[in-house]
Every structure is written in C-alpha cells, then in structure tokens.
Amino acid sequence: MKKVYAVNLCVLMFMLFTTGMTAGAADDDELVKDMLSRRTEILEQYFHGGADADECRAELERIESGSLLRQDVENMKAFAATDIESILDFRIRILSCRRSSYGIVKGRAEILYVMAGCGTKRTETCQYFFTAEERSEALKLTQLKVH
C-alpha cells in the first residue's frame, strides 16, 4: 500500500513540475509579445509627433535596457527630422521562446507590419531574434536583431 502512495505522489509531483514549466513558457511568450508591441507603439508615436523624445525614452526604459535601449535612442535622434513610413497595423507572433536558469529569455518573433508612405500601403514581414533579461525584478528587452 505504501508503494502505491509513493508512486502516486511521484506522478503527482511530476505533473505539477511539468505544468509549472509549461505555464512559465507561455507567460514569457506573452510578456515578450507585449514588450515588442509596446516598443513598436512608442517608436511610432515618437516618429509621427504623438510624443516628445523625453516621454518616449522614459517609456522605453520601462521595457528595454542595455544595447537595445541605446540603439533606439540613437535611432530616435538620427531619424527625428525624416519622413519615415507610418505603421498602420502590426501583428506579432512568437515563434520560439526559452528561459535559461539565469533569467535570460531568448527566442524568435515574427512581426507583420502594414505600413503607409508616399501614398502607397504595403505589408512587410520581419523575423527577429530577441533577448530579454531580468532587470530590477522585471523582464526587459536587451537585444532585437533582424533574422
């Protein structure tokens, strides 16, 4: 009888352990998707006059850090006075996402952009490699590279 309880306990522990791992991965997918979405919205607002540079930088600092934040701030300065295509709509799909034991999340995402510029409307799909890290008890994007 004790063996049955031990086996049942082991099976239950295994089920709880694997369920927790699966739920964590889905949470990371949603977090990264939300951060990529927010990043796109912030930059779109800045480039089309909806917000000033200081506001946008403060918003970006909530979801980014490291080289990605520096790169975005440099791009904001470089493209401030240019006509850049506006993003009418976008859809983000996380293709892969994996968290390491060090709190680093890496994966691939695909973003479908619907853009308008110079009187034409077009769609473009880009795949990205992303890295996010735990910073100050929050997950922040640190790298985003075109695949």
### Query
Which residues, taken from the range 52-75, are crowded, with 16+ Cβ neighbours inside 10 Å and farther than 20 Å from Y128 by Cα?
C56, R57, E59
### Task
Being of a type outside the set (F, W, Y) and either modelled with pLDDT under 95 or touching a His at 6+ places or on another chain (Cβ under 7 Å) (or both) is the filter here, so list the residues in the range 126-138 that pass it.
Q127, E134, R135, S136, E137, A138
#### Entry: the range 1-51: number of residues that are surrounded by 10 or more Cβ atoms within 10 Å (Cβ to Cβ) and modelled with pLDDT of 55 or more
26
### Message
Cβ-Cβ distance below 6 Å, separation of 6 or more or different chains: which pairs start in the range 73-102 with a residue that is under 16 Å from I42 (Cβ atoms) and end on one that is among the aromatic types (F, W, Y) and surrounded by 12 or more Cβ atoms within 10 Å (Cβ to Cβ)?
### Response
M76/Y46; I84/F47; I87/Y113; F90/Y113
### Query
Do we find a residue being charged (D, E, K, R) and modelled with pLDDT of 95 or more anywhere in the range 79-90?
yes
### Task
Please report, ordered by residue number, the strands (runs of 3 or more DSSP E) entirely within the range 81-147 with at least 2 residues that are in contact with a Cys (Cβ under 8 Å, 6 or more places away or on another chain), buried (at least 16 other Cβ atoms within 10 Å of the Cβ) and not polar (S, T, N, Q).
104-117
### Query
Do you know which of the residues in the range 103-147 that are touching a residue at least 24 places away in the same chain (Cβ under 8 Å) and of a type in the set (S, T, N, Q) is nearest to E30 (Cα to Cα)?
T131
### Message
I'm told G49 meets every condition in (1) of a type in the set (G, A, S); (2) without any contact (Cβ under 8 Å) to a residue 24 or more places away in the chain; (3) touching a strand residue (DSSP E or B) at 6+ places or on another chain (Cβ under 6 Å) except one. Can you identify the failing condition by its number?
### Response
(3)
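The values are calculated or read from the model by the stated rules, or taken from the named source; none is laboratory data. The model shown is predicted, which means the values in this text are computed figures rather than measured ones. Quick reminder, even Gly has a Cβ in these numbers, built from the backbone with ideal geometry, and neighbours come from all protein chains shown.
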